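**Q** Mind having a look at this structure? Questions to follow.
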Amino acid sequence: MPRYFWVRVVIVLAVVLASVWYLYPLQRTINLGLDLQGGIHLVLGVELDKHLAGQVERAAEDFKIALDRKGIATRRVVSDGAARFVVELASPQVWTDALTVAREFTGFAPVDQDQAAGRFVMAIDERHTAQVREDAVAQAVERLRNRIDAFGVAEPTITRQGADRILIQLPGVQDVERAKALIGQTGLLEFKLVDRFLEPDVRVEELQRQLPPDREVLFRRLVDPETRAERRVPYVVVHRRALLTGAGLTAAAVSADPNAPGNWQVNITFNPAGAQRFAEITEQNVGRHLAIVLDGVVNSAPRINERIPGGQAVITGQFTIEEARNLRIVLGEGALPASVAILEERTVGPSLGADSIRQGMVAIIGSALLVFIFMLVYYRLSGLVADIALALNLLMLLAAMAAFGATLTLPGIAGIALTIGMAVDTNILIFERIREELRAGKTVRAAVDAGFARAFRAIIYTHVTVLVTAAILYNFGTGPVRGFAVTLFVGLMASLFTAVFFTRLLFDVFYMGRRRLQTISI
Amino acid sequence: MIQLFATPNYNFIGRRRWAYLASALFILVGLVSLVSKGGLRYDIDFAGGTLVQVRFEQAPRVADIRRSLAGIGLETAIIQEFGDPREFIVRLPLGDKDSTAVARQIQQALGGAGTLGAFEIRRVEFVGPQVGRDLQLQAIYAVIAAAAGMLLYIALRFDLKGGVAAIVAVAHDVLVSVGALSLTDREFSLPVLAAILTIIGYSVNDTIVAYDRLRENRARLGVRGRPFAEQINTAINQTLSRTVLTALTTFFATLLLLVFGGKVLEDFAFALVVGVVTGTYSTVYIAGALIVDWTHYVEGRVRRPKKAVAKA
């Protein structure tokens, strides 16, 4: 009996059993990539520069308030668009006090000081910038995850990619437009006081130039009920500063719009602090109009008739039920800290995926059959050994994919077909070597031993080259290409095991049982 | 017993000039095709743009599709039949209409005309300019990393000469494959790049087996008395049956992928088929031959300075 014969038998049996265990039942154990089961793949870019500019603008306002509190008068405090804001004091006398406030202001430091002119620049510091960016992306990922959970997608993937990108994969989702609307919507809800209403034919550019810096023009969305084509028309001039934002929301619900049949509205409820603030705002501004602004577009601007204590508000607009539902999710899960842009989108329909699976299977089965027959004809009984090893190889490949939760993609299927072609390589290396030794006049046993021993080094070398390839493919690739790298890698590992370990065992079983073997079928 | 090559003893190294000529010719034809076509045709993975794959219930006329798209100002769209007379790909380059909304517009335009009949949108892809550029860069890095990885590996396991020769052989295979892609008007996409990286691995694979054999022979039999070219030739011959047999099984597998794998995988499978063939060829005819010529060149240089000294 060859050395460790039974130990090796047990190992092989254990591998086979484990493989079958992991693969049962097949439909549920192998993850199919988006290209096979259909679904949406999106790469979003978080618009960090815009976000940072907004943060600087807000900081400028806060700084002005901080100076006001100390009784320091300013001529102007404006951001200059380059992550800095310029402070001009009303008089140089307050210089020292102003600088004290400036030094205590978090995240910013005074630079370019000109005491004579009473002017300095507040620049955002590196660490603070990095933190703002980091927080924005992290929060965006979290909120998007919550939204998608609320939308109801089985096994979505939401991951960060690099500094400012987010990868979203929604397997099986077919309603692309709705999913995109849900994901792409910032969801920033603001309440702003209306200064005056505008005629739709107003010249906006001209008007904007004349407005003081704390006022802005906002537009309204008009939807054609037939085609659902959208138009934006100038609507109101409002105070730039929001009195309240959607951050204080606790709940949102969809209901039919009683004033416009066929349209839907979203009812929102504030948390106690939000409700308190809402009551104050409404109390102080009875008789005026309050614009409800969603992502910079006016939703409605109702007149405040009396103090509203309960913290309830309604967002109307010409919403379809789907839009209203999306809005409910978006408001309920919170606004994105920064707007996002879709940088890449790939959508695969289920029928294409099914076709791909079918075609891939035909290719795999066809390759396997061809290689099986080829090996059998060329190497006869030893070819059968290689075929059994190949079958085990395929079984292990699939089982490993199931065990590691790897995803099978269309190129992955191609990877399997390629693996079939290359998996027999190790057996060919060994068999050719055995034949050579036989030709050199060695006995069967010695030839087999020498064949395995001599081929071993070449086998390791060849495996390393494919390993390097697979590693590089995995590293650089995304989605389908990554799936290809995974199958290549797993197939490689399986082929190392089957060719070196399993084939040797089969040889022992087939040929070594008989003591004096004169011939070998190879 | 069937044997392709029982005890082959072909003089591959002796015919290396012909091999160089043949390779140069192949690469030249590929390059001419590339230049005359203004470079590779990048698919939207690299070029950016929008792609919509549509399947109609009844095969429409391309002119009708074009007319309905022109109706919404998408005259620049490229319309291609895709594997089936009922199936089409509509593609728009990046431009001022650069947005994911284009896909919806296309969908509306196809449905709006009314003459085209029922259809199904099977695939929509949009790649923005930034992503496309990133992917281009990554592709270049990946190819360099793969080549550098192989070079390093062979240089460490064998020697630098072998590593460089193998990399030149790999570059040869990549050039031939890229040339073949250009000649057949195929597109360069992410999966095709994956195929090229696989070719790099596969091509080195064969070469390394021959190198290993060379080293084994030298260790076992010694080098005395046999010219280097002959040693390499022997190693290539000894590993020839394995090289050809593996190439055959891999070729079968990739060929079936090309024939049955479907239109989406076609370019990828094509690159693999070409890569397997050229990878095998370069192992037998190019990689070893380069080492021989390099060795001869170095030996020549060692002798030549002496002459120079004598002259002076």
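**Q** Just to be sure before I move on: is A:ILE373 outside any strand (DSSP E or B), surrounded by fewer than 19 Cβ atoms within 10 Å (Cβ to Cβ) and not small (Gly, Ala, Ser) in the structure I sent?
**A** So A:ILE373 passes the test.
**Q** Would you check if A:ARG358 is touching a residue at least 12 places away in the same chain (Cβ under 8 Å), surrounded by fewer than 18 Cβ atoms within 10 Å (Cβ to Cβ) and not hydrophobic (A, V, I, L, M, F, W, C)?
**A** The answer is no for A:ARG358.
**Q** Now for a different question. Find all pairs meeting these conditions: Cβ atoms under 7 angstrom apart; at least six residues apart or on different chains; first residue within region A:140-152 and farther than 15 Å from A:GLY184 by Cβ; second residue assigned to a helix (DSSP H, G or I).
**A** Sorted first by the residue in region A:140-152, then by its partner, the pairs are A:ASN146/A:GLU333; A:ALA150/A:ILE329; A:ALA150/A:GLY332; A:ALA150/A:GLU333.
**Q** Taking the criterion of being over 27 Å from A:LEU17 (Cβ atoms), within 11 Å of chain B (Cβ to nearest Cβ), open to solvent by 60 Å² or more (accessible area, probe 1.4 Å) and in contact with a helix residue (DSSP H, G or I) (Cβ under 7 Å, 6 or more places away or on another chain), would at least one residue in region A:322-332 satisfy it?
**A** No.
**Q** Going through region A:409-465 one residue at a time, which ones are assigned to a helix (DSSP H, G or I), free of Cβ contacts under 8 Å to residues at least 40 places away in the same chain and either under 23 Å from B:LEU190 (Cα atoms) or of a type in the set (Gly, Ala, Ser) (or both)?
**A** Of everything in region A:409-465, those that are assigned to a helix (DSSP H, G or I), free of Cβ contacts under 8 Å to residues at least 40 places away in the same chain and either under 23 Å from B:LEU190 (Cα atoms) or of a type in the set (Gly, Ala, Ser) (or both) turn out to be A:ALA446, A:ALA450, A:GLY451, A:ALA453, A:ALA455, A:ALA458, A:THR465.
**Q** Tell me, yes or no, whether region B:57-66 has at least one residue that is under 29 Å from A:ARG346 (Cα atoms), assigned to a loop (DSSP other than H, G, I, E, B), touching a residue at least 40 places away in the same chain (Cβ under 8 Å) and of a type in the set (S, T, N, Q).
**A** Yes; the residues of region B:57-66 include at least one that is under 29 Å from A:ARG346 (Cα atoms), assigned to a loop (DSSP other than H, G, I, E, B), touching a residue at least 40 places away in the same chain (Cβ under 8 Å) and of a type in the set (S, T, N, Q).
**Q** Something else about it: Return the pairs, sorted by first residue and then second, in which the second residue is of a type in the set (A, V, I, L, M) and surrounded by 23 or more Cβ atoms within 10 Å (Cβ to Cβ), the first residue lies in region B:201-219 and is more than 8 Å from chain A (Cβ to nearest Cβ), the beta carbons are less than 7 Å apart, and the residues are 6+ apart or on different chains.
**A** B:SER203/B:ALA169; B:SER203/B:VAL170; B:THR207/B:ALA166; B:THR207/B:ALA169; B:THR207/B:ALA287; B:ALA210/B:ILE236; B:LEU214/B:ILE232
**Q** Now for a separate question. Any residue in region A:151-159 that is modelled with pLDDT of 85 or more and assigned to a helix (DSSP H, G or I)?
**A** Yes, that holds for at least one residue.
**Q** I've got another one for you. Only one residue in B:VAL174, B:VAL164 is under 16 Å from A:VAL468 (Cβ atoms), more than 9 Å from chain A (Cβ to nearest Cβ), assigned to a helix (DSSP H, G or I) and touching a residue at least 24 places away in the same chain (Cβ under 8 Å). Which one?
**A** From the options B:VAL174, B:VAL164, the qualifying one is B:VAL174.
**Q** Residues to consider are B:ALA180, B:ALA194, B:ALA147; find the one that is at the interface with chain A (Cβ under 9 Å from one of its Cβ atoms) and under 16 Å from the mean Cα position of the chain (by Cα).
**A** The unique qualifying residue is B:ALA194.
**Q** May I pose another question? When you go through (1) touching a residue at least 40 places away in the same chain (Cβ under 8 Å); (2) assigned to a helix (DSSP H, G or I); (3) not hydroxyl-bearing (Ser, Thr, Tyr) one by one for A:ILE522, which number turns out not to apply?
**A** Failed condition: (2).
**Q** Across region A:200-225, what is the number of residues that are open to solvent by 70 Å² or more (accessible area, probe 1.4 Å) and free of Cβ contacts under 8 Å to residues at least 12 places away in the same chain?
**A** Going through region A:200-225 one residue at a time, the tally reaches 7.
**Q** Output the helices (runs of 4 or more DSSP H) that fall wholly within region A:1-119 and possess 2 or more residues being open to solvent by 20 Å² or more (accessible area, probe 1.4 Å), over 30 Å from A:PRO337 (Cβ atoms) and touching a Phe, Trp or Tyr at 6+ places or on another chain (Cβ under 9 Å), or say none.
**A** So the answer is A:5-23.
**Q** From B:GLY111, B:GLY83, B:GLY38, grab the single residue that is surrounded by fewer than 19 Cβ atoms within 10 Å (Cβ to Cβ) and at pLDDT below 80.
**A** Every option except B:GLY111 fails the conditions.
**Q** Quick check, is A:GLY491 small (Gly, Ala, Ser), free of Cβ contacts under 8 Å to residues at least 24 places away in the same chain and out of contact with any Pro (no Cβ under 8 Å at 6 or more places or on another chain)?
**A** The answer is no for A:GLY491.
**Q** Within region B:1-46, can you find the residues that are touching a Phe, Trp or Tyr at 6+ places or on another chain (Cβ under 9 Å) and within 14 Å of chain A (Cβ to nearest Cβ)?
**A** B:MET1, B:ILE2, B:GLN3, B:LEU4, B:ASP43, B:ILE44, B:ASP45, B:PHE46 - these are the residues of region B:1-46 that are touching a Phe, Trp or Tyr at 6+ places or on another chain (Cβ under 9 Å) and within 14 Å of chain A (Cβ to nearest Cβ).
**Q** Residue check: is B:ALA155 touching a residue at least 12 places away in the same chain (Cβ under 8 Å) and either at negative phi or part of a loop (DSSP other than H, G, I, E, B) (or both)?
**A** No.
**Q** Using the structure shown, decide if A:GLY412 is open to solvent by less than 10 Å² (accessible area, probe 1.4 Å), modelled with pLDDT under 90 and more than 10 Å from chain B (Cβ to nearest Cβ).
**A** Considered against the rule, which asks whether it is open to solvent by less than 10 Å² (accessible area, probe 1.4 Å), modelled with pLDDT under 90 and more than 10 Å from chain B (Cβ to nearest Cβ), A:GLY412 comes out as yes.
**Q** In addition: Going by the structure shown, is A:THR347 over 30 Å from B:GLU87 (Cα atoms) and of a type in the set (Ser, Thr, Tyr)?
**A** No.
**Q** Just to verify a result, which residue in region A:464-485, among those that are more than 9 Å from every other protein chain (Cβ to nearest Cβ) and surrounded by fewer than 24 Cβ atoms within 10 Å (Cβ to Cβ), is modelled with the highest pLDDT?
**A** Per the stated criteria, the residue is A:TYR474.
**Q** Let me ask you something else. For the condition part of a strand (DSSP E or B) and at pLDDT 90 or above, what is the one hit in A:LEU170, A:LEU144?
**A** A:LEU170
Conditions tested, residue by residue: (1) farther than 19 Å from A:ALA82 by Cα; (2) loosely packed, with under 15 Cβ neighbours inside 10 Å.
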site	(1), (2)
A:ALA123	no, no
A:ARG127	no, yes
A:VAL132	no, no
A:ALA136	no, no
A:GLN139	yes, no
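**Q** Only one of A:GLY274, A:GLY248, A:GLY296 is open to solvent by less than 60 Å² (accessible area, probe 1.4 Å) and more than 32 Å from the chain's Cα centre (by Cα). Can you tell me which?
**A** A:GLY274
The values are calculated or read from the model by the stated rules, or taken from the named source; none is laboratory data. A quick note: this is a predicted structure, and the numbers were derived from the prediction, not measured. We place every Cβ from the backbone using ideal geometry, glycine too, and count neighbours over all the protein chains shown. All accessible areas refer to the heavy atoms of the entire protein, side chains included, with ligands and DNA or RNA removed. Shrake-Rupley method; radii C 1.70, N 1.55, O 1.52, S 1.80 Å.
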